[in-house]
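Each remark here refers to the structure printed beneath this line.
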Amino acid sequence: MKRVNISPEMKSLLISARRVAVENDATAALILADIPFNFLEVRKYLEKVRLLIASDKEDVQEAAREDGIDVVPLMDEPQTRQHQLSQALLEAIADDLLSTGDQVVAVYSVFDRDSLDSLSIVNLEEHLAKLTARDLRRLETQVPLETLRYLVDLAVEIGREGRESHKVGTLFVVGQHRKVMELSHEAVHDPFKGYKKEERLVRSQRVRESVKELACIDGAFIFSADGAAVAAGRILDAPKVNLSLSKGLGSRHWAAAAISKVTSAIAIAVSESSGTVRLFQDGRVVLRIEPMDQALKWVDIETEPPEA
Ligand SMILES: Nc1ncnc2c1ncn2[C@@H]1O[C@H](COP(=O)(O)OP(=O)(O)OP(=O)(O)O)[C@@H](O)[C@H]1O
């Protein structure tokens, strides 16, 4: 396959990337590439620093694989370079190429897709916490951020800790609860039945403890957008049409995708096998959180880097 040679400017950027990586104990240099560069030459300038290539272009992925370099395939083209970088980092963690505590040097282009012109050093732990807060804010149009935060934190805790050292998976569906109730049926007797709304709010520690206790029962929890548990143990019957999910995801995740497709609800699935939490909106995974050692820090972002 034909390769694009490294310009003198790119060479000096890559040599700088190596120095930044070494001085900051970075685990790897991740390059976002839009075209098939001469990756062997890239690796030469990075010397011993591990190289990862992230791209949504098949020819670029193929070129990197041919050169024996780890590839992070990206799904579709997000609007900004920053989103693409975030996606690449999350995918790399999910594929066990990076861990949540790593520092990574990212090399990408902001001004010219045929080149590499920018360098960032990213602390993944801080970045992931910020990313989560920011991404949840994007979903806020359907469900208030406060409700999402409680439920996502709870889901992450369930995925990480399980119950009495047993792995636990579960499913939360939040928003448009009347329609969600109509599109589901009872699997087990509803444990929330008969309680007043004030006693079912997820912002109450007692309710969160109950949800954790009940997480191992079959079926989904349904929450209203304002954060009240409406029911638990519901089997979702939404039709699984026009959906495409990653291989390996089973019936819980298909049910989550389906309900988020036919309603404006957001579904939050915790995988029993991996502890991974996935948020579904409009039939698609919009956020994935891998089980982390540290609790999420809900930091607010004041500034945004320039858009590509
Ligand atoms: N339609 C549904 N509505 C609600 N819950 C469901 C539905 N389908 C499956 N589940 C729940 O998901 C559980 C696990 O199913 P399955 O193993 O096929 O899911 P999965 O997507 O592979 O998830 P995991 O990664 O947790 O194994 C079931 O025991 C059930 O509680």
### Selected residue (criterion: farthest from Ser264 (Cα to Cα)) from residues of the stretch 137-175 that are hydroxyl-bearing (Ser, Thr, Tyr) and assigned to a helix (DSSP H, G or I)
Tyr150
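The rows are residues; the columns are (1) assigned to a helix (DSSP H, G or I); (2) in contact with a Lys or Arg (Cβ under 6 Å, 6 or more places away or on another chain); (3) over 23 Å from Arg19 (Cβ atoms).
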{"position": "Leu51", "(1), (2), (3)": "no, yes, no"}
{"position": "Val60", "(1), (2), (3)": "yes, no, yes"}
{"position": "Gln82", "(1), (2), (3)": "yes, no, yes"}
{"position": "Ser86", "(1), (2), (3)": "yes, no, yes"}
{"position": "Leu98", "(1), (2), (3)": "no, no, no"}
{"position": "Val105", "(1), (2), (3)": "no, no, no"}
{"position": "Arg113", "(1), (2), (3)": "no, no, yes"}
### Subset of the stretch 171-195 (residues that are away from the ligand (no atom under 16 Å from the Cβ), surrounded by fewer than 16 Cβ atoms within 10 Å (Cβ to Cβ) and either farther than 23 Å from Phe280 by Cβ or under 25 Å from the mean Cα position of the chain (by Cα) (or both))
Lys193, Gly194, Tyr195
### Query
Quick one: would you say Arg178 is over 28 Å from Ser86 (Cα atoms), in a helix (DSSP H, G or I) and of a type in the set (Lys, Arg)?
yes
#### Entry: Selection from the stretch 246-275 of residues that are surrounded by fewer than 19 Cβ atoms within 10 Å (Cβ to Cβ), near the ligand (Cβ under 9 Å from one of its atoms) and within 21 Å of Thr132 (Cβ to Cβ)
Leu249, Ser274
### Any hit, the stretch 196-207, residues being in contact with a Leu (Cβ under 9 Å, 6 or more places away or on another chain), within 15 Å of the ligand (Cβ to nearest atom) and either of a type in the set (Ser, Thr, Tyr) or in the same structural domain as Ala256 (by TED's automatic domain parsing) (or both)
no
### Query
Name the pairs whose Cβ atoms lie under 7 Å apart, with the first residue in the stretch 113-127 and under 9 Å from Gln103 (Cβ atoms), the second among the acidic types (Asp, Glu), and 6 or more positions between them or separate chains?
Leu124/Asp102
### Query
For the stretch 230-237, does any single residue satisfy the condition of being modelled with pLDDT under 95, within 13 Å of the ligand (Cβ to nearest atom) and touching a Gly at 6+ places or on another chain (Cβ under 6 Å)?
no
### Message
Suppose we keep only residues that are of a type in the set (A, V, I, L, M) and touching a Gly at 6+ places or on another chain (Cβ under 9 Å) within the stretch 208-229. Which one would you say is surrounded by the most Cβ atoms within 10 Å (Cβ to Cβ)?
### Response
Ala220
### Message
Kindly evaluate Ala133 against the criterion of being among the small types (Gly, Ala, Ser), within 16 Å of the ligand (Cβ to nearest atom), on the phi < 0 side of the Ramachandran plot and outside any loop (DSSP other than H, G, I, E, B).
### Response
no
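The values are calculated or read from the model by the stated rules, or taken from the named source; none is laboratory data. Since we're looking at a predicted model, the values are computed, not measured. Glycine also receives a Cβ, built like all others from the backbone with ideal geometry; neighbour counts cover every protein chain displayed.
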